[in-house]
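Right, one structure below, let's go through it.
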Amino acid sequence: MLRNTLRDLLKKIGEERGILLDEGMEKEILREVSLWLEPSIGGHGFVRTEDGSLTFLSAKYGEPYHSLWAGAVKECLLKFLYPSNLMEKSKCKRELFILDVGFGLGYNVAVTISEIRKLNPHTEINIVSFEKELLDKIHLLNEPYRRFHKFILEGIPKFEKDGIRFELLLGDAREEIKEVDKFLADAVFHDAFSPYRNPELWSLDFLKEIRRLIAKDGLWVSYTSSLPVRKALKLLGFGVGSSQSVGRKRGGTVASLSLDDSLSQEELRKLEASPYAIPFRDKGLKEEPLRILIDYRLRVEILKMAQGGIEPPTPRFSAGCSTN
Ligand code: SAM
């Protein structure tokens, strides 16, 4: 069923681009896209993670909201809060601004507020969160994060209290983000599901919107080290580096408009040479996720052929990376 949908979509995009796919090429693209879409884990509902905190398994996306092996709270701290430099910034800035892509269970937000307030009780904190589907029931985190987790969940969708201004924009973040302005984030927590399963929040075009809302010295942080995402960040002028690996083989990504690249030689080489290091595209910010994914894989195929010395099947379609 899914395979047929993918095949039809691939044919359609190929036709629109004026590309004639041969059978082998079509088979390979469909095989790879199907693999990307396979659930990383089965089931649906709350489960306990390695550090004792709960997370939610999404049957729709086939993955958990947090790393089961690292632990949900540990992931918030090590993949988001610590690399974001917010703790340091709270020592010298009276007010902090945070953009939170993928509110989920609200863990990143609750852990961040709790830790910053522990360090500096008077820091004012402004948070804008994006979320498409809020769960009906969210279990409260244990102490020391329970108080602020409860505070946030009770205040949804918007409140201003005790020096905390919070707003949850409910809907597709691609649409909601267009309404946000006059916000310059000290940190962006980019915590959508993984890029191949949730590509609409990792495209060059969506990240361009994020760039509009991040301060020059702000830090964009995420758990992913995916090539299309890192490439998009680089094309948008961010300096890109790695964060510590937690519960996964590879580390996450930290990016800033004011820093140079700090990736290893091997990682930089991949970003230069791999045909997979081209961004997802979603020019009008409303494409179907599957379409974004197939369009990406088709452009990868064209680059593979070009790198293998094979003439790409059409001169009309460019696999290039302009940011327009
Ligand atoms: N940061 C969260 C936390 O700390 O609990 C976990 C986020 S979870 C990995 C990803 C979230 O992104 C999900 O809640 C999902 O509903 C949301 N999401 C996925 N696609 C979205 C979209 N197009 N717009 C807004 N939110 C989206």
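Separation between the residue 51 and residue 170 pseudo-spin-labels, each 7 Å from Cα along Cα→Cβ, expressed in nm? For residue 51 paired with residue 170, the spin-label model returns 2.9 nm.
Within the chain, DSSP assigns beta bridges of which about 45% are antiparallel (rounded to the nearest 5). Computed packing ranks the peptides 100-107, 175-182, 298-305 as 100-107, 298-305, 175-182, most packed first, by mean other Cβ atoms within 10 Å. Between residue 269 and residue 158, full extension at 0.36 nm per residue minus the direct alpha carbon distance yields a gain of 35.5 nm. Per residue, segment 130-200 exposes 52 Å² of accessible surface when a 1.4 Å probe is rolled over the protein heavy atoms with every protein chain present.
When we measure straight from the Cα of residue 208, which aspartates and glutamates land under 13 angstrom away, once same-chain ones fewer than 8 places off are left out? The qualifying aspartates and glutamates are 200, 282. With the simple spin-label model, which puts each label point 7 Å out from Cα in the Cβ direction, the residue 216 to residue 147 separation comes to 3.8 nm. Centroid-to-centroid, using Cα positions, segment 1-45 and segment 105-134 are 38 Å apart.
Would you mind telling me the share, in percent, of accessible area of segment 145-288 contributed by carbon and sulfur at probe 1.4 angstrom? Summing carbon and sulfur atoms, their accessible area is 48 percent of the total for segment 145-288.
Taking amide H atoms as placed 1.01 Å from N in the peptide plane, the amide H of residue 169 lies under 5 Å from those of 129, 130, 131, each 5 or more residues away in sequence or on another chain. For segment 289-310, the residues whose backbone nitrogen is under 14 Å from a point 7 Å from the Cα of residue 22, taken along Cα to Cβ, are 302, 305-306, 308-310.
Subtracting the Cα-Cα distance of residue 12 and residue 41 from their residue separation scaled by 0.36 nm leaves 7.4 nm. Per-atom-type breakdown for segment 77-126 gives carbon and sulfur 55% of the accessible area (1.4 Å probe, protein chains only).
Which of 158/283; 91/132; 132/182; 12/178; 89/182; 182/286 have a Cα-Cα distance over 26 Å? Listed pairs above 26 Å: 158/283; 91/132; 12/178. Here the gap between residue 139 and residue 59, fully extended at 0.36 nm per residue and compared with their Cα-Cα distance, gives a gain of 27.0 nm.
Selection among 10, 47, 90 by position relative to the dipole of segment 1-120 gives 90 as farthest towards the positive end (Cβ unit charges, Cα centre).
Pairs of Cα atoms nearer than 8 Å and 6+ residues apart set the relative contact order; for segment 206-273 it is 34 percent. Once you have a ≥ b ≥ c as the square roots of the Cα gyration tensor eigenvalues for segment 64-208, tell me rounded if a/c is under 1.5, and otherwise prolate or oblate according to whether a/b is larger than b/c. Rounded shape, in that the Cα axes give a/c under 1.5. Here the alpha carbons of the chain define both size measures, Rg and Dmax, at 20.2, 63 Å. A Gaussian network model of the chain, with springs between Cα atoms under 10 Å, assigns the largest mean-square fluctuation among 216, 161, 283 to 161.
Where nothing but the Cβ of Lys and Arg (+1) and of Asp and Glu (-1) is charged, how large is the charge dipole of segment 2-90 around its Cα centre, in debye to the nearest 20? Each step should come with its number before you reach the end.
On the way: 12 positive and 14 negative charges, 51 e Å.
Value, rounded to 20: 240 debye.
Quick one: which residues, 5 or more positions from residue 124 or on another chain, have an amide H under 5 Å from its amide H? H modelled 1.01 Å from N in the peptide plane, none for Pro or chain starts. The list, which skips near neighbours in sequence, is 95, 96.
In summary, the aspartates and glutamates within cross-link reach of residue 150, defined as a Cα separation below 16 angstrom excluding same-chain residues under 8 places away, comprise 115, 136, 160, 162, 167. Here segment 206-268 is assigned +1 on the Cβ of each Lys and Arg and -1 on the Cβ of each Asp and Glu. Its dipole about the Cα centre then comes out at about 240 debye.
Residue-wise HN-Hα couplings along segment 40-56, as the Karplus relation 6.51 cos²θ - 1.76 cosθ + 1.60 with θ = phi - 60° gives them from phi, are 7, 7, x, x, 7, x, 7, 9, 8, 9, 3, 8, x, 7, 8, 9, 10 Hz; Gly and Pro carry x. Considering helices alone, the calculated mean residue ellipticity of the chain at 222 nm is -10500 deg cm²/dmol, with DSSP H runs of length four and up weighted by -39500 (n - 2.57) and normalised per residue. Sequence-distant contacts, meaning Cα pairs under 8 Å at least 6 residues apart, place the relative contact order of the chain at 17 percent.
The values are calculated or read from the model by the stated rules, or taken from the named source; none is laboratory data. None of the values given here were measured: they were computed from a predicted structure. Glycine also receives a Cβ, built like all others from the backbone with ideal geometry; neighbour counts cover every protein chain displayed. Ligands, DNA and RNA are excluded from the accessible area calculation, which covers all protein heavy atoms including side chains. Shrake-Rupley method; radii C 1.70, N 1.55, O 1.52, S 1.80 Å.
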